[in-house]
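What follows is a short report on a single structure.
The values are calculated or read from the model by the stated rules, or taken from the named source; none is laboratory data. All figures in this text were calculated on a predicted structure; none of them were measured in a lab. Neighbour counts run over all protein chains shown; Cβ positions are idealised from the backbone, glycine included. Ligands, DNA and RNA are stripped out before the accessible areas are found, and what is left, the full protein with its side chains, is counted by its heavy atoms. Shrake-Rupley method; radii C 1.70, N 1.55, O 1.52, S 1.80 Å.
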Protein chains: 2
Amino acid sequence: MMVSQRPSEVSTSAHERVYRTLRSRIMYGEIAPGQALTLRGIGREFEVSMTPARESVRRLVAEGALFLSSSGRVSTPELSNERIEELAALRALIEVELASRALPRAHMALIDRLQGINMTVAEMISKRDAVGYIRANLEFHRALYLRAQAPAMLAMAETVWLQMGPTMRALYGRLRRTEPPRNHKLIIAALKAGDEPGLRLAVRSDVTQGLRMLAG
Amino acid sequence: MMVSQRPSEVSTSAHERVYRTLRSRIMYGEIAPGQALTLRGIGREFEVSMTPARESVRRLVAEGALFLSSSGRVSTPELSNERIEELAALRALIEVELASRALPRAHMALIDRLQGINMTVAEMISKRDAVGYIRANLEFHRALYLRAQAPAMLAMAETVWLQMGPTMRALYGRLRRTEPPRNHKLIIAALKAGDEPGLRLAVRSDVTQGLRMLAG
DNA sequence: CATGAGCAGATGTGATCACATAGACCTATG
DNA sequence: CATAGGTCTATGTGATCACATCTGCTCATG
């Protein structure tokens, strides 16, 4: 009976490590919608028993990142169009507020950082790297919202991102256009100008743009 | 070794039952802020092993209903004033949207039901029953928002309620006033009149009123 | 009397096992 | 050949145990 087989990783619990990895995969669209997961499979991959695997999965289910069927099987969710519309509306509500709260605190260093991230976004688009694009895009938003000093709101926004992760991958996968992120430039311009209405509009447009892609 | 000791309750899993009960207690303010919980204690109370207790707790931690200390001990959260302000702002954002979406679908049957619930709210206030008040008040809101046909948004709103549960109890516990729910009447009036701006304002006022109580 | 060291009990974590059941595959029968 | 039934494997659930660590209390010492 081996009990504590990896003394090198005492810094953080096993289920935390599993949870973080799975969460990252889901949020950044590395897993397709409807993909099934098993506790024993997770345990095998991360070299842990079923216990930490179960706790990670439970946590992700609670956050809406995973779907639990009536028989207990877990998979990434396949969102209906209505659900996608709701989540996009939530993003708009919460992220517009976060951006608005960040505006008075947004100094030049932040704007520089956003422009840097934006170059990565453009690069990922040109490479047609869906996962890289999602990651860079969310990093852009997170960098801005961190300035709002509103951790509960940011957590809510991230929960929405998490729920949309697999769907975003599917959406961007069928994306043909190779245009640079226009709305991001509008966001940066509004930040520079201290233009709150403009910022709110730009964020709202950016966040709901994926929805139009769905309808079109 | 006893494995399946309660064949009568096969309808829903043990951890689900534990989760629902704990969630209800927290949301409706039956547990004070900072109250500690133990896995073995939960297991003893619900006559289950630590496993379902752990899963329930993990789930509630993921929803922000419970706080996990660095040493792994769990307790209900003690919210800072900044955190309370954020959560109230989130309520305002999400619930105003939910009310707005419910408005076109709000028929007479709903209004009757809301008025009925409102009588319970007034009764709980007069009895100074904090838990009963919180329960009736949230039932009022939930009844309205269910009409919005927006499950993801409603789930978000409920998560915020859950996070505020213990704090609401503490807040309303120190409440002296015995006034009937004025904002609820404004909500009902706006629903009757089909007055969307009035509805949005009334919901926003109702949801942020507790905050004023805190400041005062 | 105050303070700190040490001990004992309580608590969380992860592994493992027994069991029930769902899903898949295979076979037999119409 | 299609379909229904059965079997077998895979999977989730919950109980239990071993272990590490945290907490609180006690007692000795300054």
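Put a plus charge on the Cβ of each Lys and Arg, a minus charge on the Cβ of each Asp and Glu, and nothing anywhere else: the dipole of the range B:81-215 about its Cα centre is then about 320 debye. Listed values for the range B:191-200 are Karplus-derived 3J(HN,Hα) couplings in whole Hz (6.51 cos²θ - 1.76 cosθ + 1.60, θ = phi - 60°), namely 4, 4, 7, x, 8, 5, x, x, 5, 4, and x replaces Gly and Pro.
Between A:Ser205 and B:Ser49, the C-beta separation translates, for a Förster distance of 60 Å, into a calculated FRET efficiency of about 0.70. Residues of the range B:46-78 buried by at least 30 Å² of accessible area upon assembly of all protein chains, compared with the chain on its own (1.4 Å probe): B:Arg54, B:Glu55, B:Arg58, B:Arg59, B:Ala62.
Take every pair of alpha-carbon atoms less than 8 Å apart whose residues are at least six positions apart; their mean separation over the length of chain B yields a relative contact order of 28 percent. Computed over protein heavy atoms with a 1.4 Å probe, the carbon and sulfur contribution to the accessible area of chain A reaches 53%. Once the chain from A:Asn81 to A:Ile111 is taken as fully extended at 0.36 nm per residue, the excess over their C-alpha distance is 7.4 nm. Label-point distances for A:Arg17 to the equivalent site in the other copies, using a point 7 angstrom along Cα→C-beta, read 3.6 nm when ranked shortest first.
With the simple model of a label 7 Å out from the Cα in the direction of the Cβ, A:Leu68 to B:Asp129 spans 3.1 nm.
Highest mobility in the GNM of chain A, judged by mean-square fluctuation with C-alpha springs under 10 Å and restricted to A:Gly72, A:Gly198, A:Gly173, is found for A:Gly72. Summed over both chains, the contact between A and B buries some 2300 Å² of accessible surface at a probe radius of 1.4 Å. Which one of B:Val48, B:Val121, B:Val74 has the biggest mean-square fluctuation once chain B is modelled by GNM with Cα springs under 10 Å? Its mean-square fluctuation being the largest, the pick is B:Val48.
Candidates A:Ala143, A:Thr21, A:Ser56 compared by Cα position along the dipole of chain A: farthest toward the positive end lies A:Thr21, with charges placed on Cβ. Both numbers refer to the Cα atoms of the protein assembly as shown; Rg and Dmax are 22.9, 70 Å. Of the residues B:Leu154, A:Ala193, B:Leu98, the one whose Cα sits farthest towards the positive end of the charge dipole of the protein assembly as shown is B:Leu154 (charges of +1 on Lys and Arg Cβ, -1 on Asp and Glu Cβ, taken about the Cα centre). Both radii were evaluated on the Cα set of the range B:7-75; the Rg over Rh quotient, with Rh as the Kirkwood radius, amounts to 0.96.
Over the residues of chain B, the helix contribution to mean residue ellipticity at 222 nm works out to -23000 deg cm²/dmol, using -39500 (n - 2.57) for each DSSP H run of at least 4. Quick one: which bits of the range A:144-176 get at least 50 Å² less accessible when the partner protein chains are in, versus the chain alone, with a 1.4 Å probe? Checking the loss per residue gives A:Ala152, A:Met153, A:Met156. Cross-link partners for A:Lys185 among the lysines, with Cα-Cα distance under 24 Å and sequence neighbours closer than 8 places in the same chain left out: A:Lys127. Annotation: amide H-H contacts under 5 Å for A:Phe67 (H modelled 1.01 Å from N, sequence separation of 5 or more, or interchain): A:Ser75, A:Thr76. What FRET efficiency comes out for A:Arg17 versus B:Ala193 if R0 is 41 angstrom and r is the Cβ-Cβ distance? Round to the nearest 0.05. The pair A:Arg17/B:Ala193 has a calculated efficiency of 0.15. Extent along the principal axes, Cα only, for chain A: 64, 39, 31 Å, with the longest axis given first.
Heavy atoms of the protein chains alone define the surface here; on that basis the range B:7-75 has 51 Å² accessible area per residue at 1.4 Å probe size.
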